[in-house]
1. In which sequence would Asp185, Asp113 go, from the one with the fewest C-beta neighbours within 10 Å to the one with the most?
2. Could you please rank Thr112, Thr194, Thr233, placing first whichever residue has the fewest other Cβ atoms within 10 Å of its Cβ?
3. Please rank Val147, Val38, Val159, fewest neighbouring Cβ atoms within 10 Å first, as an exposure proxy.
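Taken together, the values in this text are just the output of simple stated rules run on the coordinates, not laboratory data. Here the structure is a predicted model, which is why all the values come from computation and not from measurement. Please note: Cβ atoms are built from the backbone with ideal geometry, for glycine as well, and neighbour counts cover all protein chains shown.
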Amino acid sequence: MINKLRRKALAGALFSALALGACLDPGDPGNLVPKTVVEDPTLPRIALAGTQLHSEAYGDPSSPMVVVLHGGPGQGSGPRMRRGFDPAFSLDMPKPDRGIGHAFLRPAESLTDFTTPIVPVFLNCYYAPQPTALRCYQLGAAVREIVAEHPADLRVAVVGSGGLWHTPRAKDAYLDEAFDRAMLDAMRAGDARTMARHFDAYVVPPGDASQLIGAPGPGATGLLDAVGPRGGTRETCNWIAAAAVADGRPATIVDYVPIYASPIGAAFAYWR
């Protein structure tokens, strides 16, 4: 899925976020991680045992208070934490001899000349504990807000890769076209939240050998048995997160190809 938008119109989202305008220097304070109180004297702070700590209150003042203590530097009260997320990041590639996965490189190869800055964002779709589709929707909405509020005049494209329904090499594998088409219908309507609800409301049918529940390894969600499909179909959460960035704007569905030889539901869509 491709989502090309300008800041303040619609922001970008994940799973390969392509910054097409300004390129930020990760060596500058505040670009890679938020600035600390030492680097930014305007940050609100409290002194505790001779140490200056960044202190900030946000959210609904009538709601219960949650106190966040974070190892920093400054990360605990950054814009992601304000929206309920604390993502991990890495400066090193775990397997440099193998490179980065096809989920990122194939879209990048098709859409760029590899000179465009790319931020790969990994959603855990295969191993426990996995996020629900609703949580992925919330992540996409948070990214939309963060990009829209960024002071730089960034032009961002968002790509959600993977999905839709697929259980290749699974015992008794099959293709649930109805599941996929309901997801695409919600995209046409510009309703990413309905996509998330549709996904999380799915219950694995009794005796479905292609979607193992509770088995260790790939496919184990770590969630309650009634929360969404298993296996490769959970890559649909990438679509949901990307759709949340453009929530409210109808998608154009380019094509849906049910490939029974795999089986996989292959689809292509975009927003403007």
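1. Starting with the residue having the fewest Cβ neighbours, the order is Asp113, Asp185.
2. Thr112, Thr194, Thr233
3. Ranked by crowding around the Cβ, least crowded first: Val38, Val147, Val159.
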